[in-house]
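The values are calculated or read from the model by the stated rules, or taken from the named source; none is laboratory data. Since we're looking at a predicted model, the values are computed, not measured. Methodologically, a virtual Cβ is constructed for each residue, glycine included, from the backbone with ideal geometry; neighbour enumeration extends over all protein chains shown.
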Amino acid sequence: MKTLDLVLPDTRYPIHIGQQLLGKAELILPHLKQARVAIVSNTTVAALYLEPLLSSLSQAGVDCLPVILPDGEDFKTWETLNQIFDALLAQRCERGTTLLALGGGVIGDMTGFAAACYQRGVPFIQIPTTLLAQVDSSVGGKTAINHPQGKNMIGAFYQPKLVIADMDLLDTLPERELSAGLAEVIKYGLLGDADFISWLEQNMAALRKRDKQALAYAVEHSCRMKADIVGQDEKEQGVRALLNLGHTFGHAIEAGLGFGTWLHGEAVGAGMMLAAEASHQMGWLSEADVARVEALLQLAGLPTQSPALGDAAWLSLMAHDKKVENGEIRFVLLQSLGHAVVAKLPAAELEHTLHSRFVQQSA
Ligand code: NAD
Ligand code: GLY
């Protein structure tokens, strides 16, 4: 097991990465205020992994309340969030009860938001079960639910006490979800580490075969980069915005098609393709650079062509992005492969991007 530390001005927490970690109650016990946890999961993940977690915690004397939610991005809503509050109140959970998120990014984001709100804040722990959640959403304290008009629009910055990333849990992940997670892994290379892009080109086949060493390296490298960025800018006043590479376009795809139609990681992959094309339109990336991004996304099994939303819908959906400043959309673009910046995209370059071969022009 490897352990990274995320260090913030007023807290720090460990990120454990390894195998056979789910049954190790001793990793969790030191972080509990009371011997009581609410394990929030969904129907799919609970069927696979609730029992081993429950039995190891119960054997260690911890009272466990499972809260099992419906599965899917379209359930990342107020109504589902309320189911968590209903269960906590019905069982008279106190401020010392720790919420334990067992699931992918949807469960992690909702559990974190519930923990931020319940009795004005209770501790929470992340046990991410998708690659996407292990490399990104479980780390850094962004918690949220969706609003029909925009992705992750209602939420809070609220840090977990601990993150446990167990590579063994990825064995059961559907292939499409593995590819979606690889989009966020590729993101780290494109935004800040050219050597990691080369590593990914060489190791993508091993990652897709779920080689545990390759996966652990990718998770560790991604978490290290994320911890470094979040450590500098917890509330996204500056450098943290770079972690949104591909997300302005990607969130528009998710909301435009209806949440859950495309996976978040797929939308981010296609969004990074558009960010690369826009960076080419700005004169920053060469055609060869754009082709390299396209090839890497394809190696990961990700779509490189966005769906046809129509220009008006693209603009209106992207206007809800959290990076919009004084009504102007700002994008994360690439000055070179491995070096991202936040920039405005002039109307002509945006139009060329949306009319490039990377966007379907009719449904
Ligand atoms: P998800 O949580 O919907 O999980 C994907 C699917 O895989 C679900 O059907 C889930 O039940 C299933 N699953 C999970 N673990 C499994 C396992 N081990 N075996 C078999 N099936 C399993 O999706 P996701 O891709 O993990 O997360 C996407 C969400 O994360 C989006 O809502 C996105 O906005 C959010 N996100 C948040 C941040 C952040 O910083 N907070 C960062 C990136 C993404
Ligand atoms: N996933 C983007 C962030 O955590 O800032």
Being more than 8 Å from ligand 1 (Cβ to nearest atom) and under 27 Å from Ala252 (Cα atoms) is the filter here; which residues of the stretch 156-185 pass it?
Ala156, Phe157, Tyr158, Gln159, Glu175, Arg176, Leu178, Ser179, Leu182, Ala183, Val185
It is to be established whether one or more residues within the stretch 157-170 are of a type in the set (A, V, I, L, M), touching a strand residue (DSSP E or B) at 6+ places or on another chain (Cβ under 7 Å) and within 18 Å of His247 (Cα to Cα).
no
Among the residues of the stretch 231-268, write down those that are near ligand 1 (Cβ under 9 Å from one of its atoms), of a type outside the set (D, E, K, R) and over 13 Å from the mean Cα position of the chain (by Cα).
Phe259, Gly260
Considering residues of the stretch 331-340 that are in contact (Cβ under 8 Å) with a residue 60 or more places away in the chain and under 20 Å from the mean Cα position of the chain (by Cα) only, the residue surrounded by the fewest Cβ atoms within 10 Å (Cβ to Cβ):
Gly338
Using the structure shown, decide if Ala116 is more than 9 Å from ligand 1 (Cβ to nearest atom) and in contact with a Phe, Trp or Tyr (Cβ under 7 Å, 6 or more places away or on another chain).
yes
Residue under question is Ile125, and the condition is that it be in contact (Cβ under 8 Å) with a residue 60 or more places away in the chain, touching a Pro at 6+ places or on another chain (Cβ under 7 Å) and more than 7 Å from ligand 1 (Cβ to nearest atom); does it hold?
yes
So, in the stretch 171-203, how many residues would count as being part of a helix (DSSP H, G or I), surrounded by fewer than 22 Cβ atoms within 10 Å (Cβ to Cβ) and either of a type in the set (A, V, I, L, M) or within 16 Å of ligand 2 (Cβ to nearest atom) (or both)?
4
Consider Asp211 carefully, then state whether it is out of contact with any helix residue (DSSP H, G or I) (no Cβ under 6 Å at 6 or more places or on another chain), modelled with pLDDT of 95 or more and farther than 20 Å from Arg12 by Cα.
yes
Does Ala116 satisfy the condition of being of a type in the set (Gly, Ala, Ser) and under 29 Å from Met318 (Cβ atoms)?
yes
Inside the stretch 221-268, can you point out the residues that are within 15 Å of ligand 2 (Cβ to nearest atom) and at positive phi?
Glu236, Gly246
Find all pairs meeting these conditions: Cβ atoms under 6 angstrom apart; at least six residues apart or on different chains; first residue within the stretch 167-194 and under 18 Å from Val293 (Cα atoms); second residue away from ligand 2 (no atom under 16 Å from the Cβ) and part of a loop (DSSP other than H, G, I, E, B).
Ser179/Ala300; Ser179/Gly301; Ser179/Leu302; Leu182/Ala300; Ala183/Leu302; Asp193/Gly338; Ala194/Leu337; Ala194/Gly338
Somewhere in the stretch 68-75, is a residue buried (at least 24 other Cβ atoms within 10 Å of the Cβ) and touching a residue at least 24 places away in the same chain (Cβ under 8 Å)?
no
Of the numbered conditions (1) within 16 Å of ligand 2 (Cβ to nearest atom); (2) touching a strand residue (DSSP E or B) at 6+ places or on another chain (Cβ under 6 Å); (3) under 22 Å from Leu27 (Cβ atoms), Ala144 fails exactly one; give the number of that condition.
(3)
Can you tell me which residue within the stretch 128-151, out of those that are touching a Phe, Trp or Tyr at 6+ places or on another chain (Cβ under 9 Å) and hydroxyl-bearing (Ser, Thr, Tyr), is surrounded by the fewest Cβ atoms within 10 Å (Cβ to Cβ)?
Thr143
Output the residues belonging to the stretch 45-62 that are in a helix (DSSP H, G or I) and either free of Cβ contacts under 8 Å to residues at least 60 places away in the same chain or more than 18 Å from Thr172 (Cβ to Cβ) (or both).
Ala46, Ala47, Leu50, Glu51, Pro52, Leu54, Ser55, Ser56, Leu57, Ser58, Gln59
Those residues of the stretch 342-363 which are touching a residue at least 60 places away in the same chain (Cβ under 8 Å) and in a strand (DSSP E or B), in sequence order
Val342, Ala343, Val359
What pairs come up if the first residue lies in the stretch 296-325 and is under 29 Å from Ala194 (Cα atoms), the second is part of a helix (DSSP H, G or I) and of a type in the set (Asp, Glu), and their beta carbons are under 8 Å apart, counting only those six or more places apart or on different chains?
Leu296/Glu201; Leu299/Glu201; Gly301/Glu175; Leu302/Glu266; Pro303/Glu266; Thr304/Glu294
For the stretch 112-136, what are the residues that are closer than 25 Å to Ala218 by Cα and over 14 Å from the mean Cα position of the chain (by Cα)?
Phe124, Ile125
